[in-house]
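Heads up: the structure comes next, in structure tokens.
The values are calculated or read from the model by the stated rules, or taken from the named source; none is laboratory data. Note that the coordinates shown come from a computational prediction; the quantities given were computed from them, not determined experimentally. Cβ: placed from backbone, ideal geometry, glycine included. Neighbour counts: every protein chain shown. We work out accessible area using only protein heavy atoms, side chains counted, and drop any ligands, DNA or RNA first. Shrake-Rupley method; radii C 1.70, N 1.55, O 1.52, S 1.80 Å.
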Amino acid sequence: GEWITPFEIDQNNPNRIVAGYEFLYESFDKGNNWNIISEAFNGGTIDHVTLSNYNEDVIYVAESSKLYKTIDGGENWINISSGLPNKTITSIALHSLDDNRIWVTFSGYTENDKVYGSIDGGENYTNISANLPNLPVNCAAYYNDDETIFIGTDIGVWYSDSSMTDWSLFNQGLPNVIVNELEIQWNSNKMFAGTYGRGVWVTELPSNLPPTASFNYSL
């Protein structure tokens, strides 16, 4: 697998795990037994795996600059890269109630090729990079309130929601640091940010107000 081999646990079935190597593997018994459910996509190893929150047959995977999906549990895969820049994909975020709504983030230093969104499962894309700085975007997380998207960049966290056309910095309390991972803990309404060399940070996400960052490192 990759240096950081991608895997995901199904949020609705903790016995189910998918992991990306040259092929995509799936287990329904916590990893005791595995089945291959994909082809060898692009001649390399899978970089990212994202599961639908409500339909176990829908899976998205990325390998380098290519994005693929299945809607039948891996029986058939579709290349949905057309319309995306030929840049390294760094993450795939899905809407929690509509797995045709996706956001894809990119590495690199090409101006304005940072975040793309689709509302039809990858048939068409919209460039939503807007005012983001020309720095790599490393990760993304979807949040239900006002359809907010958080992204981690080389200089911290930004966010945008359904009422905004630009991105706003979301860094209060956070060091000026590379953010490689964003995870939302839904029950507590908290978002965790994993950084490159400065540990893990957490902030509250108020459910009925515009989000205000207040990161700290005390868990």
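Can you give the FRET efficiency to the nearest 0.05 for E147 and N33, using r as the Cβ-Cβ distance and R₀ = 30 Å?
The value I calculate is 0.20.
With all protein chains present, how much of the accessible area of the stretch 1-116 (probe radius 1.4 Å) comes from carbon and sulfur, to the nearest whole percent?
So the carbon and sulfur contribution to the accessible surface is 45 percent.
Is the stretch 82-123 best put as rounded, prolate or oblate by its Cα gyration tensor, with a ≥ b ≥ c the root eigenvalues, rounded for a/c under 1.5, and otherwise prolate when a/b is larger than b/c, oblate when not?
prolate
Principal axis lengths of the stretch 1-43 from Cα atoms, whole Å, largest first?
Largest first, the stretch 1-43 extends 31, 20, 17 Å along its Cα principal axes.
Which distance in Å, rounded to a whole number, links the C-alpha centroids of the stretch 77-100 and the stretch 167-188?
Between the Cα centre of the stretch 77-100 and that of the stretch 167-188, the gap is 22 Å.
Under a 1.4 Å probe, what is the accessible area of the stretch 77-219 per residue, stated in Å²?
Dividing the accessible area of the stretch 77-219 by its residue count gives 47 Å².
Quote to one decimal, in nm, the extra length available between Q172 and T88 on full extension: 0.36 nm per residue of separation minus the C-alpha distance between them.
27.4 nm
Among the lysines, which fall within straight-line cross-link reach of K69, defined as a Cα-Cα distance under 27 Å, with same-chain neighbours fewer than 8 residues apart omitted?
Once the sequence-local lysines are set aside, what remains near K69 is K30, K87, K114.
With +1 on each Lys and Arg Cβ and -1 on each Asp and Glu Cβ, how big is the dipole of the stretch 18-173 about its Cα centre, in debye rounded to the nearest 20?
In total the dipole reaches around 420 debye.
At 7 Å along the Cα-to-beta-carbon direction for both N55 and N79, put a label point, then send me their distance in nm to one decimal.
Between N55 and N79, the simple spin-label model gives 2.3 nm.
Taking the alpha-carbon distance from K190 and a cut-off under 15 Å, which aspartates and glutamates remain once sequence neighbours fewer than 8 residues away in the same chain are dropped?
Hits, sequence-local ones excluded: D145, E181, E204.
Explain nothing, just the number: relative contact order of the stretch 30-75, from Cα pairs under 8 Å at least 6 residues apart, as a whole percent.
Relative contact order, the stretch 30-75: 32 percent.
Calculate, in whole percent, how much of the Cα-Cα pair population of the chain lies beyond 28 Å.
It works out to 26 percent of all Cα pairs.
I want the local charge near W167. Using Cβ-Cβ distances under 11 Å, sum +1 for each Lys or Arg and -1 for each Asp or Glu among the other residues.
Residues near W167 contribute -1 overall.
With labels modelled as points extended 7 Å from the Cα through the Cβ direction, what inter-label distance (nm, one decimal) is found for N12 paired with L135?
For the pair N12/L135, the computed spacing is 3.8 nm.
In whole Hz, with x marking every Gly and Pro, tabulate ³J(HN,Hα) for the stretch 8-14 from phi via Karplus 6.51 cos²θ - 1.76 cosθ + 1.60, θ = phi - 60°.
The phi angles translate into 9, 9, 5, 5, 9, 8, x Hz.
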